[in-house]
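These notes concern the structure reproduced below.
The values are calculated or read from the model by the stated rules, or taken from the named source; none is laboratory data. The model shown is predicted, which means the values in this text are computed figures rather than measured ones. As a convention, Cβ positions derive from the backbone with ideal geometry for all residues, glycine included, and neighbour counts pool all protein chains shown.
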Amino acid sequence: MRIQEHPILGTYDKGQLVEFTLDGKTMTGYEGEPIAAALRAAGILQHRHTRKTGEARGVFCAIGRCTDCVMVVDGVPNIRTCITPLKAGMKVQTQYGVGPKEDAE
């Protein structure tokens, strides 16, 4: 499910395959690719749930302008996963409102 060749951006060199966690589950992705790309390649499309209605959101603009792809990354909420590079050992959590599930208001 990864884009191998983009009509505008061309191709890119994949980084090393690394492990990270999503809501406690071990996953893999390529170091340096956006977190959202690694999640999409694994079939994960929901990144957060809205505070007021609990509706699921995922990648929308994919350029860091909107906030639909924000997640809690290494304990920090509101990280735009479409522009944040993946690193080995990252702890990624689905965001509920303004934080992870246990902190949701």
Flagged pairs (Cβ under 8 angstrom, 6 or more apart or on separate chains; first in the range 84-101, touching a residue at least 24 places away in the same chain (Cβ under 8 Å); second in a loop (DSSP other than H, G, I, E, B) and aliphatic (A, V, I, L, M)) are TYR96/ALA104; GLY97/ALA104; VAL98/ALA104
For ILE63, state whether it is touching a Leu at 6+ places or on another chain (Cβ under 7 Å) and in a loop (DSSP other than H, G, I, E, B). no
Can you find a residue in the range 26-42 that is assigned to a loop (DSSP other than H, G, I, E, B), within 24 Å of GLN4 (Cα to Cα) and in contact with a helix residue (DSSP H, G or I) (Cβ under 7 Å, 6 or more places away or on another chain)? no
Here are ASP68, ASP74: which of them is at pLDDT 90 or above, acidic (Asp, Glu) and under 13 Å from PHE20 (Cβ atoms)? ASP74
Which residues, taken from the range 27-44, are in contact with a Pro (Cβ under 8 Å, 6 or more places away or on another chain) and charged (D, E, K, R)? GLU31, GLU33
Yes or no: the range 23-44 includes at least one residue that is closer than 15 Å to LYS101 by Cα and touching a residue at least 40 places away in the same chain (Cβ under 8 Å). yes
